[in-house]
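Engineer: There's a structure below that I have some questions on.
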Amino acid sequence: MAVRIVRDRVLVRVPATSANLGPGFDVLGLALGLWDEITVRAIAGESLVHVDGEGAGQVPTDESHLVVRAVRAGLEAAGAPQAGLELHCRNAIPHGRGLGSSAAAVVAGLLAARGMLSEPEALDDARILALATEFEGHPDNAAPAIHGGATLTWSDSEGPHAERVPLGESMRPTVLVPGERLSTSAARQALPTHVPLVEATFNISRAALLILALGGRPELLLPATADRLHQSRRAGVMAPTLEAVTALREAGWPAVVSGAGPSVLVFEALDSATSEALSARGWRVLHPDVARRGAEIVTL
Ligand SMILES: Nc1ncnc2c1ncn2[C@@H]1O[C@H](COP(=O)(O)OP(=O)(O)O)[C@@H](O)[C@H]1O
Ligand SMILES: N[C@@H](CCOP(=O)(O)O)C(=O)O
C-alpha cells in the first residue's frame, strides 16, 4: 500500500551540535543540551511558518524555510504525497555560530516527516542521515543531532554511516558564543582542497587520541583536541575566535573552534574568573549539558 500521511500534527525537538571537536574535521560531533522545538501540521492551503526565538524575523516564513524544505524532502523520499505545512518553531540554537542550527533544522524536518507517515520505517535513521548530509554537505552535525552524545561518521558507496563514541560521565562543556555570525559555507571556502601529509598524520593521531579522551581519559583532552587541518586556516574569517582558542589552550583549557565557528567549545567547565573575563569582552558563556539522547518525536 502507498505511504500516506496519517498524523497531521507532530512535535519534534532537536539538539544543537558542535562538529569537528578539534582534529575530527567533518567526522566527529557532540550533541549539546540546547534544543529547537518545532510543531509541524499538515494543512489544506499554503504553507506558513511562525518563528519564536533565534532566527525570528530573519529566516523566511514560506516554502523556502529550511524546515519546510526538509519535511518535503522527507515526504518525497518516502514516496508520500505532499501537503500544505504550518510550522511553529521555538528556536534556542543560535544561527550561523557553529552550533549546528542548519543541521538541527534539517533533522527536525525529516523527523517530522517520519512522524507523519503511515510507514515511518521508510525514513529510518540511516535514511535521515543520508538526506541530511545531502542538505548539509557533511554528516558531522546531523549524526549527533540524530543519535545524541558524541558520534563519528564515515562514508562509503552506500552513503554516510554514524556510530556513537563512548563518553565518560563527567564532561561539563562550556560554549562561548560571539555576537557575530559566520556562515558555514563562507568558512568552508577558506579551506584548501589539499593538505600536507604531515598535517593529515597529525590530525589522525589526535582524533584517535580524542576517542580515548572522550571515553574517560580527560587528562588527554588538551593534546587530543589539537588540530592542524582547518582551524588556523580559517583565522582570516574569525580572528577573535582563533585568538580566544589560542589563549585558552595556552592556559591549559581544551578549547576548539565549534564547527565552522565562530563559537568556541571548551570540553570543561570554565572557572568563573575566566568566564567573567570572556563575558566582559562580549562572549556569551553557556554551560549546556551533553545531550545524551538525540532528536525525538514528541507525540501530540
Ligand atoms: N531553525 C531554522 N529555521 C530556518 N532556517 C534555519 C534554521 N537554522 C538555521 N537556518 C538557516 O541556516 C543558516 C545557518 O546555517 P549555517 O551557516 O550552516 O550555520 P550553523 O548551522 O553553524 O548555525 C541560517 O542563516 C538560516 O538560513
Ligand atoms: N565540519 C563542518 C562543520 C560545520 O558545522 P556548523 O555548525 O558550523 O555548520 C565544517 O567545519 O565546515
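The values are calculated or read from the model by the stated rules, or taken from the named source; none is laboratory data. Bear in mind that the values here come from a model prediction, so they are computed numbers and not experimental data. A quick note on method: Cβ atoms are made from the backbone with ideal geometry, for glycine too, and the neighbour counts reach across all protein chains shown.
Engineer: Out of the residues in segment 45-77 meeting the condition of being within 16 Å of ligand 2 (Cβ to nearest atom) and either of a type outside the set (A, V, I, L, M) or assigned to a loop (DSSP other than H, G, I, E, B) (or both), tell me which one is farthest from the chain's Cα centre (by Cα).
Structural biologist: Restricting to residues being within 16 Å of ligand 2 (Cβ to nearest atom) and either of a type outside the set (A, V, I, L, M) or assigned to a loop (DSSP other than H, G, I, E, B) (or both), the top hit is 59.
Engineer: Would it be correct to say that residue 300 is surrounded by fewer than 22 Cβ atoms within 10 Å (Cβ to Cβ), modelled with pLDDT under 95 and hydrophobic (A, V, I, L, M, F, W, C)? Reasoning before the result, please.
Structural biologist: On the way: surrounded by fewer than 22 Cβ atoms within 10 Å (Cβ to Cβ): yes; modelled with pLDDT under 95: yes; hydrophobic (A, V, I, L, M, F, W, C): yes.
Yes; evaluated as a whole, the condition is true for this residue.
Engineer: Sticking with this structure for a sec: Collect the residues in segment 138-152 that are touching a helix residue (DSSP H, G or I) at 6+ places or on another chain (Cβ under 8 Å) and surrounded by fewer than 24 Cβ atoms within 10 Å (Cβ to Cβ), keeping them in residue-number order. Give the derivation first.
Structural biologist: If we filter segment 138-152 for residues that are touching a helix residue (DSSP H, G or I) at 6+ places or on another chain (Cβ under 8 Å), which is where we start, we get 139, 141-143, 145-147, 150-152.
Hits for segment 138-152 are 147, 152.
Residue by residue, here is whether (1) in contact with a strand residue (DSSP E or B) (Cβ under 9 Å, 6 or more places away or on another chain); (2) over 25 Å from residue 153 (Cβ atoms); (3) in contact (Cβ under 8 Å) with a residue 24 or more places away in the chain holds:
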site: 30; (1), (2), (3): yes, no, yes
site: 33; (1), (2), (3): yes, no, yes
site: 36; (1), (2), (3): yes, no, yes
site: 56; (1), (2), (3): yes, yes, yes
site: 63; (1), (2), (3): yes, yes, no
site: 76; (1), (2), (3): no, no, no
site: 80; (1), (2), (3): yes, yes, yes
site: 87; (1), (2), (3): yes, yes, yes
site: 97; (1), (2), (3): yes, no, yes
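Engineer: Given 132, 200, 186, 162, which one is modelled with pLDDT of 95 or more, in a helix (DSSP H, G or I) and assigned by TED's automatic domain parsing to the domain that holds residue 98?
Structural biologist: Details: 200 fails: assigned by TED's automatic domain parsing to the domain that holds residue 98; 186 fails: assigned by TED's automatic domain parsing to the domain that holds residue 98; 162 fails: in a helix (DSSP H, G or I).
Going through 132, 200, 186, 162 in turn, just one is modelled with pLDDT of 95 or more, in a helix (DSSP H, G or I) and assigned by TED's automatic domain parsing to the domain that holds residue 98: 132.
Engineer: Next question, about the same structure. With 105, 83, 73, 77 as the choices, which residue is crowded, with 24+ Cβ neighbours inside 10 Å, of a type outside the set (Val, Ile, Thr), out of contact with any Lys or Arg (no Cβ under 6 Å at 6 or more places or on another chain) and not assigned by TED's automatic domain parsing to the domain that holds residue 183?
Structural biologist: Working: 83 fails: crowded, with 24+ Cβ neighbours inside 10 Å; 73 fails: crowded, with 24+ Cβ neighbours inside 10 Å; 77 fails: crowded, with 24+ Cβ neighbours inside 10 Å.
Exactly one of 105, 83, 73, 77 is crowded, with 24+ Cβ neighbours inside 10 Å, of a type outside the set (Val, Ile, Thr), out of contact with any Lys or Arg (no Cβ under 6 Å at 6 or more places or on another chain) and not assigned by TED's automatic domain parsing to the domain that holds residue 183, namely 105.
Engineer: Also, quick follow-up: Out of 98, 24, 33, report the one residue that is within 30 Å of residue 246 (Cβ to Cβ) and in contact with a Gly (Cβ under 9 Å, 6 or more places away or on another chain).
Structural biologist: Of 98, 24, 33, the one residue that is within 30 Å of residue 246 (Cβ to Cβ) and in contact with a Gly (Cβ under 9 Å, 6 or more places away or on another chain) is 98.
Engineer: A further question follows. Within segment 173-183, how many residues turn out to be more than 24 Å from residue 289 (Cβ to Cβ) and crowded, with 18+ Cβ neighbours inside 10 Å?
Structural biologist: 1
Engineer: Is it the case that segment 39-49 has a residue that's crowded, with 24+ Cβ neighbours inside 10 Å and touching a helix residue (DSSP H, G or I) at 6+ places or on another chain (Cβ under 9 Å)?
Structural biologist: Filtering segment 39-49 down to residues crowded, with 24+ Cβ neighbours inside 10 Å leaves 40.
From what is left, the residues that are touching a helix residue (DSSP H, G or I) at 6+ places or on another chain (Cβ under 9 Å) are 40.
Yes, segment 39-49 contains a residue that is crowded, with 24+ Cβ neighbours inside 10 Å and touching a helix residue (DSSP H, G or I) at 6+ places or on another chain (Cβ under 9 Å).
Engineer: Another question, if that's okay. Which residue out of 149, 98 is at positive phi and within 12 Å of ligand 2 (Cβ to nearest atom)? First the steps, then the outcome.
Structural biologist: Numbers: 149 fails: within 12 Å of ligand 2 (Cβ to nearest atom).
Unique residue meeting the criteria: 98.
Engineer: Same structure again: For residue 194, work out the one condition from (1) more than 16 Å from ligand 1 (Cβ to nearest atom); (2) in the same structural domain as residue 103 (by TED's automatic domain parsing); (3) surrounded by fewer than 22 Cβ atoms within 10 Å (Cβ to Cβ) it doesn't fulfil.
Structural biologist: (2)
Engineer: Just wondering, is there one or more residues in segment 53-68 that are hydrophobic (A, V, I, L, M, F, W, C), away from ligand 1 (no atom under 12 Å from the Cβ) and more than 30 Å from residue 253 (Cβ to Cβ)? Break it down into steps so the answer makes sense when it comes.
Structural biologist: Kept after step one, since they are hydrophobic (A, V, I, L, M, F, W, C), are these residues of segment 53-68: 56, 59, 66-68.
If we keep only those that are away from ligand 1 (no atom under 12 Å from the Cβ) as well, we get none.
No, segment 53-68 contains no residue that is hydrophobic (A, V, I, L, M, F, W, C), away from ligand 1 (no atom under 12 Å from the Cβ) and more than 30 Å from residue 253 (Cβ to Cβ).
Engineer: Report every pair of residues separated by at least 6 positions or lying on different chains whose Cβ atoms are under 8 Å apart, first residue within segment 179-194 and touching a residue at least 40 places away in the same chain (Cβ under 8 Å), second near ligand 2 (Cβ under 9 Å from one of its atoms) and not in a loop (DSSP other than H, G, I, E, B).
Structural biologist: Pairs that qualify, where the first residue is touching a residue at least 40 places away in the same chain (Cβ under 8 Å) and the partner is near ligand 2 (Cβ under 9 Å from one of its atoms) and not in a loop (DSSP other than H, G, I, E, B), are 184/102; 187/234; 190/234; 191/234.
Engineer: Can you tell me how many residues within segment 91-102 are part of a helix (DSSP H, G or I) and more than 6 Å from ligand 1 (Cβ to nearest atom)?
Structural biologist: Restricting attention to segment 91-102, the residues satisfying the condition of being part of a helix (DSSP H, G or I) are 101-102.
Remaining after also requiring more than 6 Å from ligand 1 (Cβ to nearest atom): none.
Within segment 91-102, residues that are part of a helix (DSSP H, G or I) and more than 6 Å from ligand 1 (Cβ to nearest atom) number 0.
Engineer: Residue under question is residue 295, and the condition is that it be farther than 25 Å from residue 146 by Cβ and either in contact with a strand residue (DSSP E or B) (Cβ under 9 Å, 6 or more places away or on another chain) or assigned by TED's automatic domain parsing to the domain that holds residue 222 (or both); does it hold?
Structural biologist: Details: farther than 25 Å from residue 146 by Cβ: no; either in contact with a strand residue (DSSP E or B) (Cβ under 9 Å, 6 or more places away or on another chain) or assigned by TED's automatic domain parsing to the domain that holds residue 222 (or both): yes.
Answer is no for this residue.
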